[in-house]
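First the structure, in the form of C-alpha cells, and then the observations on it.
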Amino acid sequence: MDTKAKILIVEDESIVAMELRDRLQKMGYSIIGTFDNGNAAAEKAQETLPDLILMDIIIKGDKDGIETASLIRSTTDIPIVFLTAHSDPKTLKRAQQEAPYGYILKPFKERELQITIEMALQRHKMERQVRESESWLQTTLHSIGDAVIATDEKGIVKFLNPSAELFTGWKQDAAIDRQFADIFNIINEDTRETQENPVEKALRIKETVHLANHTLLISKDGQERCIEDSAAPIKDVNGRILGIVVVFYDVTKRKEMVKKLAVSEKKYRSFIEHYNGIAFQMSLDYKLIFMNGAIQQITGYSEKDFLAENPTWNNIIHPDDLKMILAEKETHFKNEQNEMEREYRIIRKDGTIRWVHTLIQTINDEDGKPVRFQGMINDISDKKLMEAELIRSQKLESLGVLAGGIAHDFNNLLTAIFGNIGLAKVFMQPEEKSYKRLDEAEKALVRAKDLTQQLLVFSKGGAPVLQTIDITDVIKSSTSFALRGSNVSFNFEYEPDLWPVDFDEGQLSQVVQNLIINADHAMPDGGVVNIRCKNIVFDADNSSISAGNYVEIVVQDEGIGITPENIKNIFDPYFTTKTHGSGLGLATIYSIIKNHQAHISVKSVVDKGTTFVILIPASNSNLPDNTHTEELESLRGQGKILVMDDQDIILDFTDMALTEFGYKVDFAHDGAEAIEKYKTAMQYKSPYDLVIMDLTIPGGIGGKEAIVQLIKIDPKVKAIVSSGYAGNPVMSEYQKYGFCAVLKKPFKVKELVQSVKLNISKTC
C-alpha cells in the first residue's frame with residue numbers, strides 16, 4: 001500500500017497486543033501505539049488522530065472499551081473496530097450504540113483481521129465522501145438562482161431552497177410535510193384556470209414533465225410570477241420512485257435572468273475546466289462544440305484534435321465496443337430518452353487501453369425541443385482493475401485452499417512412504433542392490449517433498465520453519481531440478497567454508513527454482529546460469545544493511561534482460577512481462593526473503609542479462625551432525641511414546657520405526673483420545689515420556705488445542721508437533737504454544753528417531 005494506514009491498538013492483554021501489533025506491521029500498517037486502558041487511549045487518539053482504532057471491549061481502568069469509544073467519538077470522527085471474546089447479546093447491544101465499523105472475534109484469523117480493517121477504512125472513506133457530497137449538494141441547492149422543491153413518493157414536501165421560499169412565500173419550516181399542491185398554486189396566465197399539479201403528473205406517468213407556457217405561480221401573499229419548471233422523478237438503482245424534484249424560475253424578469261445565467265455559465269465553465277473528467281457539448285449531428293482540458297490526460301489527444309474531428313471520439317472507442325455503443329445510441333435517442341450512460345474501452349494515443357464511463361444528456365429549448373447534447377466522461381480504469389483483482393484474488397484464494405489440502409494429504413502419504421523405505425533400509429546392508437534402489441527412490445521422494453512445499457507456500461504464504469542448513473546442497477539440487485530438460489546449463493561456485501544459515505529449506509528451494517526458471521525463460525536459445533556463493537561481512541558504516549555476517553548468493557543469466565521501466569515493478573504481485581505468466585514468482589520470492597530477514601536486489605542490462613543478489617544472515621548455530629557415518633544403532637533409546645494422528649498409515653509407520661529402535665508406543669486418533677490416555681497413564685503412575693501430535697485432525701481436536709489440556713494435566717509434558725501444513729504459525733513458533741520441537745511431514749525414519757531421542761531427554 002502506498003500510504004500506511006495509522007492504527008491505534010487498545011488491548012489489555014500484552015501478548016495479544018504484541019501479536020496484533022506484529023501482524024499489522026507485517027501487513028504494512030503503521031502502529032501509533034498500544035494501550036491497555038481507556039483514558040490513555042482516548043488521550044493518544046485525540047492527539048494523533050489515527051486512521052483506525054482496534055478497541056478491546058474489556059480493558060483495564062474505569063472505562064471499558066465501549067465507554068472509551070463513546071469518549072473518543074464525542075470529539076473525533078475516528079472509525080473504531082471492536083475486538084472481543086464476548087458475543088453475548090447484551091454486550092453487542094451496548095457496542096452497537098457506538099456505531100462501530102466492525103467486530104473481530106477472538107481468537108482472530110489474519111485474513112479476517114485484514115479484511116475487517118480494510119472494509120472499515122474503506123467504509124469510513126466512503127462515508128466521509130458522502131458527507132462532503134451532501135454538504136456540497138446542500139450548498140449548491142441553496143446558492144443557485146433557480147427554485148427547487150423536493151417531495152417524497154406521496155407528494156409530501158421535504159425540501160425548499162431559498163429561491164423556492166421567495167417565489168412561493170412559504171418558509172421551509174412551515175412547508176415541510178405539507179402536500180405540494182398546498183404551497184404550489186399555479187394557474188394559466190390567459191384563462192386563469194387551475195393548472196395540473198406537476199408532481200402528481202410526474203408520479204402518474206413516472207417521467208419528467210414540464211409546465212405549459214404562460215403558467216403563473218401565486219405565492220402565499222398573493223404575488224403572481226410567470227414561471228417555467230420541470231418535475232422529475234427521483235429513482236433508486238432499481239427504478240423505484242423515491243420522490244419528485246421540481247425546478248422552476250421566474251421568467252417575468254427574463255433579461256435579469258439572462259445576466260444571471262451568463263454569470264452562472266462562467267462559473268460552470270470554470271468548474272468544468274478544473275473537473276477531473278471530461279465535460280463536453282455536442283450538436284444534434286454529434287459535432288463537438290466544447291470539450292474541457294482533461295481530455296489530454298485521459299485520451300492523450302488535445303481538445304483541438306477533437307474539435308477538428310481528427311480523431312473523432314468514435315475513432316478511439318475500442319473496436320470490440322464500438323458497434324454496441326453505436327447501436328445503443330441510435331436506439332436511445334430514437335426513443336427520445338433524455339439520458340444515456342455506458343461503460344466501455346478507449347484506445348489512447350499511445351496505444352494503451354483505458355475504461356471510461358460516459359453520461360450523455362439531451363438539452364432542450366424553451367419549447368422542449370432538443371438543441372444539443374452535453375455529457376461527462378470519467379476514467380474508471382482503476383475501478384475496473386480493482387474489480388478484476390478482486391475476482392482474481394478470490395480465484396487464487398480458492399486455489400490456495402485446494403493446494404493446501406492436497407499438499408497436506410500428499411505429505412501424509414509421503415511420510416508413510418519415506419518411513420517404510422527407511423525401515424526397509426534398516427534391515428539391509430548398504431552394498432546390496434535393493435538398498436541402492438531404495439536409496440534412489442528416497443531421493444525422488446525428496447523432489448516430491450519440494451513440490452508439496454511449493455503448494456503450501458502458494459496456499460498460505462508459508463510461515464518459515466527455520467533450520468540451520470548448508471545452502472550448497474539445496475542450491476545444487478534445486479537448480480538441477482529446475483533445468484531438467486532445458487537447453488540451459490549452470491555453473492556453481494562457492495567457498496568451501498561457507499557459513500550455515502537459519503532458513504526454511506523448502507522455501508529456499510522454491511526461491512532458487514523460481515530464479516532459475518526465470519533465467520531459463522530469459523535465454524530461449526540456451527546459455528549458462530552462473531551461481532556464486534560466498535561469505536561477506538557488513539560493518540556498521542553500511543547504510544542499507546545491518547552490520548553482521550551474511551552469506552551472499554548471486555544468480556546471473558545471459559538473457560534478454562529487463563527494461564528500466566519494468567525492473568522497478570518486478571516484485572509486485574501479478575506484474576509480469578510474460579505472455580502466460582502469473583506474476584507471482586518473484587513476488588513469492590520477495591515475501592520469502594523478507595520473512596527470513598534477508599535481502600534481495602536486482603540489476604539488469606537489456607540484451608546482456610540479469611543478476612539477482614540475495615544476502616542471508618549467517619547463523620549463530622553450528623550445522624547439525626547429519627553425517628552418513630552415524631550408526632543407526634546410536635539412535636536406540638528407551639521410553640514410552642504417545643503418537644496422535646488421524647492417519648493409520650502414519651501410526652503404523654511410527655509404531656514399526658519407534659518399536660524397532662527400542663521405544664514403547666501407544667496411539668490416539670485425535671486430541672480427545674490422546675488427552676484421556678495421557679490422563680489415565682498419569683493416574684496409574686505410568687506416564688508417557690513424550691507425545692507426538694498431529695496439528696490438524698479433521699472433525700476432531702488437533703494438536704494445538706490438545707497441548708493446552710495436556711499442560712493443565714502435566715505442566716512438564718514433553719510434546720512434538722507434527723504437520724503437513726508447514727505454513728501454520730504453530731509450526732514456526734512451536735515453543736510459544738507449549739511444544740518442545742517440530743517434526744515436518746514428510747519425515748524420514750532417522751529424523752523421527754533423532755527427534756524422539758533428543759527431546760525425550762531434555763527439559764522443554
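Each reported figure results from applying straightforward, stated rules to the coordinates on display, with no laboratory input. All of these numbers come straight from a predicted model, not from anything done at the bench. Backbone-built Cβ (ideal geometry, glycine too); neighbour counts: all protein chains shown.
In terms of the mean number of neighbouring beta-carbon atoms within 10 Å, the peptides 294-300, 74-80 order highest first as 294-300, 74-80.
For GLU341 and ILE517, the difference between the fully extended length at 0.36 nm per residue and the C-alpha to C-alpha distance is 58.7 nm.
Give me the net charge for the shell around ALA232: Cβ to Cβ below 12 angstrom, other residues only, Lys and Arg +1, Asp and Glu -1. Mind dumping the intermediate values first?
Values: positive: LYS201, LYS206, LYS235; negative: GLU207, ASP229, GLU339.
Result for the local shell: 0.
Mind checking which aspartates and glutamates have their Cα closer than 13 Å to the Cα of LYS608? Skip sequence neighbours fewer than 8 apart in that chain. Filter leaves ASP557, GLU558. In terms of its C-alpha gyration tensor, region 152-204 has an oblate overall shape, because the principal axis ratio a/c (a ≥ b ≥ c, square roots of the eigenvalues) is not below 1.5 and a/b does not outweigh b/c.
Which GluC sites (Glu not before Pro) does region 165-219 hold that lie in a coil by DSSP with at most 10 other beta carbons within 10 Å?
Details: sites: GLU165, GLU189, GLU193, GLU196, GLU200, GLU207; in loops: GLU189, GLU193, GLU196, GLU207.
Those that pass, being in a loop and sparsely packed, are GLU193.
Close Lys pairs in region 280-379 (alpha-carbon distance under 27 Å; sequence gap of 8 or more, or different chains): 14.
Sort the following peptides by mean Cβ neighbour count (other Cβ atoms within 10 Å, averaged over residues), highest first: 639-649, 688-698. Could you put the intermediate results ahead of the total?
Numbers: 639-649: 20.1, 688-698: 22.5.
With the highest mean Cβ count within 10 Å placed first, the list reads 688-698, 639-649.
Counting only Cβ charges, +1 for Lys and Arg and -1 for Asp and Glu, the dipole size of region 144-252 around its Cα centre is about 360 debye. The HN-Hα couplings worked out from phi for region 195-202 by the Karplus form 6.51 cos²θ - 1.76 cosθ + 1.60 (θ = phi - 60°) are 8, 5, 4, x, 5, 4, 5, 5 Hz, whole numbers, x standing for Gly and Pro. Shown is the FRET efficiency for ARG348 and GLU207, computed with R0 = 45 Å from the Cβ-Cβ distance and rounded to the nearest 0.05: 0.75.
For the pair region 692-764 and region 30-70, the centres of their Cα atoms are 37 angstrom apart. Need one word for region 70-120: rounded, prolate or oblate. Basis is the Cα gyration tensor (sqrt eigenvalues a ≥ b ≥ c); a/c below 1.5 gives rounded, then a/b vs b/c decides. Oblate shape, in that a/c is at least 1.5 and b/c is the bigger or equal ratio.
Nearest 0.05, what FRET efficiency do SER70 and ARG23 give at R0 = 30 Å with Cβ-Cβ as r? Write down the numbers at each step before the final one.
On the way: r = 27 Å, r/R0 = 0.91.
About 0.65, to the nearest 0.05.
Remark: the ASN566-LYS369 segment gains 65.5 nm on full extension, using 0.36 nm per residue and subtracting the alpha carbon distance. Amide H contacts of SER722: MET693, ASP694, LEU695, LEU743, each under 5 Å away and 5 or more positions distant or on a separate chain (H built 1.01 Å from N in the peptide plane; Pro and chain starts excluded). Here the extension length gained between SER621 and LYS235 equals 131.9 nm, from 0.36 nm per residue of separation less the Cα-Cα distance. Less than 5 angstrom separates the built amide H of ARG372 from those of ILE363, all sequence-distant by 5 or more or on a different chain. Within a straight-line Cα-Cα reach of under 15 Å, LYS744 can be paired with the following aspartates and glutamates, leaving aside sequence neighbours fewer than 8 residues apart in one chain: ASP409, ASP450, ASP504, GLU505, ASP645, ASP694, GLU733. Counting lysine pairs in region 144-252 that sit 8 or more residues apart in sequence, or on different chains, and whose Cα atoms lie under 24 Å apart gives 14. Cross-link reach is defined here as a Cα-Cα straight distance under 16 Å, omitting same-chain residues fewer than 8 places apart; for LYS60 the aspartates and glutamates meeting it are GLU11, ASP12, GLU13, ASP36, GLU43. For the pair LYS594/HIS318, report the inter-label distance in nm, with labels modelled 7 Å from Cα in the Cβ direction. Taking the two extended label points, one gets 3.1 nm.
How much FRET efficiency would the formula 1/(1 + (r/R0)^6) give for GLU328 and ILE176, where r is the Cβ-Cβ distance and R0 is 41 Å, rounded to 0.05? Result of the calculation: an efficiency of 0.50.
Label-to-label distance, LYS685 versus THR763, with points set 7 angstrom from Cα along the beta-carbon direction: 2.4 nm.
Label positions at THR194 and VAL130, each projected 7 Å from the Cα along the C-beta direction, are separated by 4.0 nm.
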